[in-house]
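Data first, discussion second: the structure below is written as structure tokens.
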Amino acid sequence: MRTVYLGTSPFAVAVLSRLAESSHRPSLVVTRPDRPRGRGRKLSPPPAAEAARRLGIEVFQPDSVNTDEARERIASVDPEAVLISAFGALIKEPLLSAYPMYNVHPSLLPRWRGAAPIERAIEAGDRETGVSIMRPTAEMDAGPVCLQAGEPINDDDDFASLSARLEGLGGDLLVNALDRLPEFVEQPAEGVTIAEKIGPDDRRLDPSAPPEALERRVRALTPHVGAFVELAGGERLGVRRVSVGDPHEAPSPGELVARDGRLLFGAAGGALELLTVQPAGGRPMDAGAFLRGHASQLL
């Protein structure tokens, strides 16, 4: 099948790699423009652009996929289907209705429609998530679904480990959908939840939340976004790995203390033990190493 692929992120790269091995190898990859990245803010292509070039697939990076120029470029390939995964921008009419479209969404729709389905599933304590192959519509992630497959969420899963499994599942499921062309079925009206975009407030570990919820939040945001607590003077300490501590040792909510070589953060009704942290401008380190060099910064 002749296809055009729209994708941007590392998740999109994994799906693209699977497609490139199939009979549905894209003729064109459409992705976002180059952006400044890293500490030096050097202009860099998105991951999907780099991957497509390695695979020998032509790349197109419009400012908007909805412009006349972009639609003409897609039309020049005469695709039988447009495939989408983690593209990161809305697709509007008339492009939205111009071709059969298959979107890889990493949740079991209608649960977790929106921008951060993997993070929100971990954060909510879900025991299962998955991948849905759906047709995009004007309402975000509300279109009909043709295939779904579930994936358990393990107690130690973070974003990286769960995303890696969903990437593989998503690529296989998309190829399966293109091979079989199953019927699209409207999503049920019940069970809709929204996976809001991760914002600055989501990254801060709120001491009014119980430690179990904060532990899930840390896993949900590791390693790509990162949670943090505030040190004395307002400096942020990145938090990469934690465990729920003994409630009998809990500091006051919001207090960060050293106790017997451990780093404890007070939360509602208990304690969160910080196991791996990342000082501002530094690298991740275990709590013991941090305490040896930064104990004076604790609240």
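The values are calculated or read from the model by the stated rules, or taken from the named source; none is laboratory data. A quick note: this is a predicted structure, and the numbers were derived from the prediction, not measured. Quick reminder, even Gly has a Cβ in these numbers, built from the backbone with ideal geometry, and neighbours come from all protein chains shown. Keep in mind that these areas ignore ligands, DNA and RNA; they rest on the heavy atoms of the full protein, side chains included. Shrake-Rupley method; radii C 1.70, N 1.55, O 1.52, S 1.80 Å.
Solvent-accessible surface (1.4 Å probe) assigned to THR8 amounts to roughly 20 Å².
Please state, to two decimals, what the Cα-based radius of gyration of region 110-260 comes to when divided by 2.2 N^0.38 Å (N = residues). Write down the numbers at each step before the final one.
Values: Rg = 18.4 Å, N = 151, 2.2 N^0.38 = 14.8 Å.
Relative to the 2.2 N^0.38 Å estimate, region 110-260 comes out at 1.25.
Fully extending the segment from ALA160 to ARG41, taken as 0.36 nm per residue of separation minus the present Cα-Cα distance, adds 40.5 nm.
Size of the dipole of region 1-148 about the Cα centre, Lys and Arg at +1 and Asp and Glu at -1 on the beta carbon, nothing else charged, in debye to 20? Intermediate values should be presented prior to the final figure.
Numbers: 19 positive and 17 negative charges, 107 e Å.
Rounded to the nearest 20 debye, it is 520 debye.
Set against the labelled values [x] 15.2; [y] 21.0; [z] 16.8, mean projected area of the Cα convex hull in nm² computed from this structure falls on [z].
Build a GNM of the chain with springs between Cα atoms under 10 Å apart, and of GLY199, GLY143, GLY125 the one that fluctuates most is GLY199. Dipole magnitude for the chain: computed about the Cα centre from +1 point charges on Lys and Arg Cβ and -1 point charges on Asp and Glu Cβ, it is near 1040 debye.
Taking the Cα centre of region 82-182 as reference, the dipole from Cβ charges on Lys and Arg (+1) and Asp and Glu (-1) amounts to some 500 debye. Compute the length gained on full extension between THR137 and ALA189: take 0.36 nm times their separation in residues and subtract their Cα-Cα distance, giving the result in nm to one decimal. Contour length minus Cα-Cα distance gives 17.2 nm. The separation of region 42-64 from region 184-225, counted between C-alpha centres, amounts to 29 Å. Computed with a 1.4 Å probe on the full set of protein chains, the accessible area for GLU72 sits at about 120 Å².
Please find the FRET efficiency linking ALA75 to GLU230, where r is the Cβ-Cβ separation and R0 is fixed at 41 Å, and quote it to the nearest 0.05. Once rounded, the FRET efficiency stands at 0.20. Ligands, DNA and RNA aside, SER64 has an accessible area near 40 Å² when probed at 1.4 Å. Ordering LEU256, VAL131, PRO144 by the projection of their Cα atoms onto the charge dipole of the chain, which places +1 on the Cβ of Lys and Arg and -1 on the Cβ of Asp and Glu, puts LEU256 at the extreme positive end. Across the options ALA177, THR3, ALA232, the greatest Cα extent toward the positive end of the charge dipole of the chain (unit charges at beta carbon of Lys, Arg, Asp, Glu) belongs to ALA232.
Counting only protein chain heavy atoms and rolling a 1.4 Å probe, the accessible areas of GLU128, GLU255 rank, largest first, as GLU128, GLU255. Dividing the helix sum by the residues of the chain, where each DSSP H run of 4 or more adds -39500 (n - 2.57), gives a mean residue ellipticity at 222 nm of -7500 deg cm²/dmol. Of the solvent-accessible surface of region 149-299, computed with a 1.4 Å probe and all protein chains present, 49% belongs to carbon and sulfur.
Grab the Cα-Cα distance for ARG54 and ARG204, subtract it from 0.36 nm times how many residues apart they are, and report the gain in nm with one decimal. Present the calculation step by step, with values, prior to reporting the outcome.
Numbers: separation 150, 0.36 × 150 = 54.00 nm, distance 3.76 nm.
Additional length available on full extension: 50.2 nm.
Between the listed residues SER64, GLY245, PRO94, the Cα displaced farthest toward the positive end of the dipole of the chain, a dipole computed from Cβ unit charges relative to the Cα centre, is found at SER64.
Take the Cα of GLU128, step 7 Å toward its Cβ, do the same at ASP246, and the gap between the two points is 3.8 nm. Computed over protein heavy atoms with a 1.4 Å probe, the accessible surface of the chain works out to 46 Å² per residue.
Taking every DSSP beta bridge that has both ends in region 2-103, the antiparallel portion is near 15%.
Ignoring any ligand, DNA or RNA, what whole percent of the accessible area of region 1-91 comes from carbon and sulfur when the probe is 1.4 angstrom?
Details: 2060 of 4330 Å².
Of the solvent-accessible surface of region 1-91, carbon and sulfur hold 48 percent.
The antiparallel fraction among DSSP beta bridges confined to the chain stands at about 65%.
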